[in-house]
1. Give me the one-decimal Kirkwood hydrodynamic radius in Å for segment 106-160, with the sum taken over alpha-carbon pairs.
2. When all C-alpha to C-alpha distances in segment 296-401 are sorted into bins of 10 Å, what percent of pairs does each bin hold, rounded to whole numbers?
3. If I take every Cα pair under 8 Å that is 6 or more residues apart in the chain, average their sequence separation and divide by the length, what percent do I get for the relative contact order?
4. Could you tell me which of rounded, prolate or oblate describes segment 336-459, using a ≥ b ≥ c as the square roots of the eigenvalues of the alpha-carbon gyration tensor, with rounded for a/c under 1.5 and, failing that, prolate when a/b is larger than b/c and oblate otherwise?
5. If you average the C-alpha positions of segment 270-345 and of segment 163-192 separately, how far apart do those two centres end up, in angstrom?
6. For an R0 of 25 angstrom, estimate the FRET efficiency from the Cβ-Cβ distance between A73 and D147 and round to the nearest 0.05.
7. Which value, in Å² and to the nearest 10, is the accessible area of D14 when all protein chains are kept and the probe is 1.4 Å?
8. Could you give the nm distance between label points at L53 and E160, where each point is 7 Å from its Cα heading toward the beta carbon?
Amino acid sequence: MAFGDNPNDALLRDAWYAFCDQIKEAADHVFKDESGASDGERTNAFRYLTQNLSQAFDIFLENADSRYPNLHAFCGPTRKLGADNPDCIYLQSWINDHDTYKISGNRGTARMFNVAVQGAWTGSLQEPFGDRPVANLFGDELETDWDGNFELWISPEPHEGNWIQSQPGTRKIFYRQYFDTWDEIPANYRIERIGGNEEPPPAIEPAALVDSFERAALFVVETTKTWPDTLWTRHGMYDTPNVFRRYGQESDKAHEAADSRRGRVIETLRWEIHPDEALVIEFDADPKQFWQLSGCSVFGASLEFRYRQVNLTSGNSPRDPDGRNRVIVSHDDPGFANWMDLQGHTRGWMLFRNMLTRETPFHIGSIVDNLERGMDEMSQAFGLTWGRVQRRTLTFEGPLELECCYAYSLDGPPYMELIEQRPGTHFGQLGLHHIGMWTENPAAESERLDAIGWPRETVIITPEGTWGGALFHTGTCGIRVEVVDIARSGPRLCHYLGGGDYSLPG
């Protein structure tokens, strides 16, 4: 059978030729100014391109039919994308918002197990990213039998047992397993659509194949074109190398809420380290804390982790005798256990993931008699920089309206909050006023403080008389705690730290 024997031959051939022509552009983006020029950086950039070439058709052709869902491994040892974490197993399944799906198998023992139902694609990033989680389930919320076996249902209507409700626009499931030590066992599971036709998938239609060519070509080009720029310029935080920054400081409310649902806090660092240099990272972490540190190229592709140490976790990183965590990032092995191998890369991206908790001390509030003078003194003493001075009327229960003048430091966490004194009010006494705690469940935290003998002192309320997002509790020792709701105040503070006012962006 020769060319022309099928009426679609010209369509398919021309589409393939167009695909080949289009992906040539990806090579040009390897040579951007942001990219390193060593042999390793150049070859790994083209390796990244080839990996995405194979990845593209898995995404847009082989696994995209929600009638026949699969478990697609979109990141792994030979698939690097989106600042992937070597200590995580990433899977995804395409679903729709009206069918019922069942995931069944064994939960395994990964320290963090997460299933997220993803909503409509926003277009902010290329597939498989660019959509936001609308519902989420963690491993400790999953009901299993004594041996770790489970069934999880995804459907619009309620279902007995483990159930996540799909919302209008639901299109995908993300599965993540984050590991801390080598003895943890991965989960083993499968997904099926309930009530579907038992017949195997039909042959691929020519039009569907042509569409996959177009989508795949765009994917290969865009992942090489935009990811370095995304890493370097997002949120305006990558101008200074070798400094950790909180991811999402200028993000909107939906972005912050999405990261909260994923159960993580991320710090990012753009590193630039020459062959005769080393970067030493020091931090204090509770021994029970679960953290992960991973290195990526400028394109957000994890460095080669099958044969080299480019990632560390809390369970596999010994602490120094003084109790501090220290990591050395360099080109040559310094002879220390906590070493991250740069593999000839002089620049790239690093992520510090603080997993399973967001309830960490967030800010320290102090009362000063003059806000401008207090900010100047704190800057001289501690080198702090400050955001915009805010003037707002707050209403406390009573009700009591109070004109407040305050500012937050841009350095942290913990961030310093200075509040101008208002004699005879809640902000009347100079000095340390409160320690702010960021929590996803302020009501439960308030009840817990009451139970241990830290009664509620006051609460900020809205003009409508409802609770406004912050509660103050004081212990017998005289320390006051402000319980802050991440869903209400987190996005406002992120907007503030990005240079705006203490309000929602937009």
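1. Details: mean 1/r = 0.0759 Å⁻¹.
After inverting the pairwise mean of 1/r, the radius is 13.2 Å.
2. 10, 25, 21, 21, 15, 6, 1
3. On the way: 1043 pairs, mean separation 67.4, N = 506.
Relative CO of the chain lands at 13 percent.
4. Working: a/c = 2.86, a/b = 1.51, b/c = 1.89.
Cα axes put segment 336-459 in the oblate bin.
5. That distance is 27 Å.
6. Working: r = 25 Å, r/R0 = 0.98.
My answer for the efficiency is 0.50.
7. Ignoring ligands and nucleic acids, D14 comes out at about 80 Å².
8. Output for this residue pair reads 5.3 nm.
The values are calculated or read from the model by the stated rules, or taken from the named source; none is laboratory data. The structure presented is a predicted model; accordingly, all values stated were derived computationally and were not measured. Note that we place each Cβ from the backbone using ideal geometry, even for glycine, and neighbour counts take in every protein chain shown. Heads up: the accessible areas ignore ligands, DNA and RNA and are worked out on the full protein's heavy atoms, side chains in. Shrake-Rupley method; radii C 1.70, N 1.55, O 1.52, S 1.80 Å.
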